[in-house]
Amino acid sequence: MHIYPNIHPSQTLHAFIPKSVALMDPLVNPQSVLTIPSSEDWSGLRPLVKELYHDRRFSIAEVRDHLKSLGYWVNTRMIRARISQWNLQRNNQFHGMVAALRLLDPDPASWPVPEPWFVIRGRHVPLHEILRYFRRKGIQNPIHWCRSAAVSQEEPAVRLLQEGDSPVEGTSEGSSTLAALSSASSVAMSISPVNIPTPIFTLEQKAAASLTEYCGVYLSQDIHPEPEVHQFTTHGRFGNRMQEGLAQMMRGGPGAFPHFHQAFDLVQPLLADCHPMSLAQLLAIVCELSACNAQEVLTCLLRYSAAMASSLRTPSPLIQFLVSLTLLPPGLLQCTAISSLRAALAVFSDKSPHTWHRLYIEERLCDCLYHGRDRIEGGYRRAQLLRNQESFYGPFARNVVWTVTNVADDHLDGSDLDGAESYYRMALERAEQLIGFPRAKLRYAALEGLGRIEQMRFEITRNDRETCLRHLQEASRYVDESLNEALIWFEPTSRRVGRVTEQQGYIRNILHRLG
């Protein structure tokens with residue numbers, strides 16, 4: 001069992017979990033025997049391999065791991081040979097991706113739908129998949145790049161789906177993803193000599209489908225009015241306690257588990273009056289824990305939540321959704337959280353497009369993309385969210401100004417220092433329209449961001465002593481102001497005070513070394 005630094009083994013979170021949760025553990029009765037697939041086995045697995053590798057863009061290693069989870073002993077060489085034999089290579093996809101983005105206007109406001117879909121070589125492809133493809137190639141602004149790039153080879157026929165079309169992610173025109181997967185699974189179940197567990201691929205789909213169903217049920221009833229301050233809601237307090245505990249744990253401090261205890265105590269009231277926005281907050285925390293490799297905490301949280309939902313007799317789709325998350329391996333949790341939130345967002349965009357619920361789910365989806373380091377789609381969505389929030393709330397609402405700081409963070413992560421600075425300064429200006437804690441929290445975030453910008457400029461200009469000193473002195477000034485706001489309004493042991501204190505110590509240490 002993994003033990004976190006400076007935490008006594010008796011403080012682990014296993015004490016929180018009811019024994020009934022063990023029944024949900026996918027590691028119970030693990031498969032100990034793997035079978036080399038015969039020619040007949042491969043024939044039955046062909047639809048599944050096509051779905052995973054060709055349609056869903058899994059890597060060969062990921063396909064191998066998936067087939068192993070079904071009880072087959074395979075390696076990448078065997079899979080590569082079958083892909084070649086079945087002519088499932090993903091050749092020339094670059095030209096299709098370029099042709100797709102050339103159909104989009106650089107201004108998202110002119111797109112037919114907020115999340116465009118394309119038909120490329122007969123396959124339905126969402127925009128986020130195309131953006132992720134170019135991100136892996138190091139192209140930071142793919143839409144502008146594709147419109148200006150000179151591609152000599154003739155581009156394939158690509159179609160942009162219009163409003164009213166009903167795409168299904170990962171499917172081809174004239175075929176059914178679920179039918180193909182079901183066929184492969186039924187064949188594998190009948191010919192395999194071992195007891196095959198539920199395929200991981202279907203668990204990811206089941207989670208998204210369960211959350212979609214739950215959102216539909218929720219919208220058919222009386223929906224929640226927007227709270228005056230989200231921070232003081234049950235899901236807001238749950239998210240804050242989890243983040244504080246995670247920050248303490250990452251620093252190796254002793255205060256992590258009191259915060260985790262408080263967060264786990266909020267799971268019951270959160271599920272007792274559950275709604276899609278609470279689940280969106282839970283999924284954002286899942287992605288943050290996964291990004292920080294806090295696997296033991298994450299596993300305990302998911303199992304406890306699923307057991308609590310069952311004991312409270314919450315709606316069946318909600319229980320199915322949470323149980324599906326507990327069965328997924330760690331490597332698929334982030335992408336499942338993101339795909340589930342996309343599915344929920346699609347429901348609200350269709351049935352309740354002009355409400356705070358859709359904006360809140362969209363904001364949590366942006367958080368998940370940020371923790372998953374999907375900077376391309378995350379940046380586009382966050383900028384779009386800011387425009388939508390400004391239209392709905394006005395420019396000076398506290399959640400809108402907070403999104404401004406998040407947009408600045410996206411620019412900073414992309415090394416666009418000037419763009420980041422302009423948004424941080426915008427946040428500072430808008431914060432002056434507020435008073436009390438909201439003003440202090442926004443000023444803290446904006447000043448801390450400006451300090452990080454000056455630190456990065458110092459790193460860039462290390463060879464120029466005078467310029468280096470100027471940037472460090474500016475960084476010191478911003479960080480000192482940010483820390484002053486934090487010490488007045490936040491607990492001395494909070495993650496915000498701790499982060500800026502560390503930043504201040506780093507800058508002062510460098511200034512001291514430079515004399």
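Take Tyr72, Tyr393 and order them by how many other Cβ atoms sit within 10 Å, fewest up front.
Fewest to most other Cβ atoms nearby, the residues stand as Tyr393, Tyr72.
Excluding same-chain neighbours fewer than eight residues apart, the aspartates and glutamates reachable from Lys351 by a Cα-Cα span under 20 Å are Glu115, Glu163, Asp165, Glu169, Glu213, Asp222, Glu226, Glu362, Glu363. Computed over the alpha-carbon pairs of the range 202-373, the distance histogram in 5 Å steps reads 1, 9, 19, 23, 23, 15, 7, 2, 1, 0 percent, short to long. Listing Asp55, Asp107 from the residue with the fewest other Cβ atoms within 10 Å to the one with the most, what is the order? Going from least to most buried by this count: Asp107, Asp55.
For Leu312 and Ser352, the FRET efficiency from 1/(1 + (r/R0)^6), where r spans their Cβ atoms and R0 equals 22 Å, is about 0.30.
Given axes a ≥ b ≥ c from the Cα gyration tensor, I'd like to know whether the range 394-515 is rounded (a/c under 1.5), prolate (a/b larger than b/c) or oblate. In terms of gyration-tensor shape, oblate. Between Arg513 and Asp413, the contour length at 0.36 nm per residue exceeds the Cα-Cα span by 33.3 nm.
Take the Cβ atoms of Met456 and Arg373, set R0 to 25 Å, and the FRET efficiency comes out at 0.90.
Of all aspartates and glutamates in the structure, those lying under 20 Å Cα to Cα from Lys68, and not within fewer than 8 positions of it along the same chain, are Asp25, Glu40, Asp41, Glu51, Asp55, Glu204.
Computed on the range 202-373, with alpha-carbon pairs under 8 angstrom and 6+ residues apart, the relative contact order is 35 percent. Contact order, relative form, for the range 394-515: 20 percent (alpha carbon pairs under 8 Å, 6 or more residues apart, mean separation divided by residue count). Each Cα pair under 8 Å and six or more residues apart adds its sequence gap; the mean of these over the residue count of the range 324-438 is a relative contact order of 17 percent. The slack in the chain from Arg477 to Leu103, taken as 0.36 nm per residue of separation less the alpha-carbon distance, amounts to 130.0 nm. When His224, His354 are sorted by how many other C-beta atoms sit within 10 angstrom of their C-beta, beginning with the fewest, the order is His354, His224.
No value in this document is a laboratory result; all are computed from the given coordinates. Please read all numbers here as calculations on a predicted model, not as lab measurements. No Cβ is skipped: glycine too gets one built from the backbone with ideal geometry, and neighbour counts run over all protein chains shown.
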